[in-house]
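Below: one structure, written as structure tokens.
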Amino acid sequence: MKWVNRAVVVIVVLLTLNVFVQPGAMTSIGKRVTNAMDLPGMLKTEIDRATKHVENAQNTQNNSNATPIENIVQGRTLSNHYYYRFAANVPDRAKRTFLQAVRQYNATGIVKISPLTDRTSSQVNEMTFYVYHKRLRTGSGSVELGLGGPKIYPWVGSHHDDLNRGKAGLNMEYPQVSLRRSVALHEIGHVLGLDHSQRRDSIMFPVDQGRTQLSKEDLATLRKIYHHSTK
Ligand SMILES: [Zn+2]
């Protein structure tokens, strides 16, 4: 029975992608794609757990000042140590933008984001930085600056904790507005489990405000997600 459990959990992947937009069309704020890939029948426990996360989130996140936690990250046990890698074809200027944001997260002391090397264990949290091209749809009025989200593999970590293999992307179609530290901070924030905030001083406000400092609410939520970090 034990190996059956293991076979199940390896396949569960919870993935959230969030779109970050430039001011212009408030209508596209909060547009998101949520995707949970699973095996029918076998994963009821996991699905129930995910549902409960959503309910908990709705109950506990009524305080509109707090920076919310991504639903699929709610209740997870994640190490605060992440290893980043760049996808192929990320230009140097985009790498610099990502690395500025990485330094800033490391300076909080709450999470640690190091470069992934060949010697890095396979049972660690990873984040992939990438770029993509997406042109503004005619008449929509808003520019998509980036995409980001966590990707959770429940219970497969070295201490039966959860692993996160999220991705953060910058839209190179509009480098003049997307290659900004505020955008990289926002997308990496999603990877780390932060959801959109209603406060303009949050880096997680869904429309870019050019913020380059995490707000005290952003820091508080980050601490909450990683308070039981398994190191
Ligand atoms: Zn976002």
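The values are calculated or read from the model by the stated rules, or taken from the named source; none is laboratory data. Everything quoted here is computed from the prediction, not taken from an experiment. Cβ sites come from the backbone with ideal geometry, for glycine too, and all protein chains shown count toward neighbours.
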Hey, which of the helices (runs of 4 or more DSSP H) in the stretch 141-231, taking only ones fully inside, have at least 2 residues that are of a type in the set (A, V, I, L, M, F, W, C)? 181-192, 216-226
Could we say that Arg93 is among the charged types (D, E, K, R), loosely packed, with under 15 Cβ neighbours inside 10 Å and not in a loop (DSSP other than H, G, I, E, B) here? yes
Gly189: under 21 Å from Phe98 (Cβ atoms), small (Gly, Ala, Ser) and under 12 Å from the mean Cα position of the chain (by Cα), yes or no? yes
When you scan the stretch 108-140, how many residues do you find that are crowded, with 17+ Cβ neighbours inside 10 Å and either hydroxyl-bearing (Ser, Thr, Tyr) or not in a loop (DSSP other than H, G, I, E, B) (or both)? 9
When residues of the stretch 77-90 are filtered for being surrounded by 14 or more Cβ atoms within 10 Å (Cβ to Cβ) and either assigned to a loop (DSSP other than H, G, I, E, B) or of a type outside the set (Ser, Thr, Tyr) (or both), how many remain? 8
Take the residues in the stretch 200-215 that are hydroxyl-bearing (Ser, Thr, Tyr) and away from the ligand (no atom under 11 Å from the Cβ), then tell me which one is surrounded by the fewest Cβ atoms within 10 Å (Cβ to Cβ). Thr212
Tell me which residues, restricted to the stretch 193-231, are basic (Lys, Arg) and either at pLDDT 90 or above or touching a strand residue (DSSP E or B) at 6+ places or on another chain (Cβ under 6 Å) (or both). Arg199, Arg200, Arg211, Lys216, Arg223, Lys224
His196 - would you say it is under 28 Å from Asp92 (Cβ atoms) and of a type outside the set (Val, Ile, Thr)? no
So Tyr105 passes all but one of these: (1) closer than 21 Å to Leu15 by Cα; (2) surrounded by 14 or more Cβ atoms within 10 Å (Cβ to Cβ). Which condition number does it fail? (1)
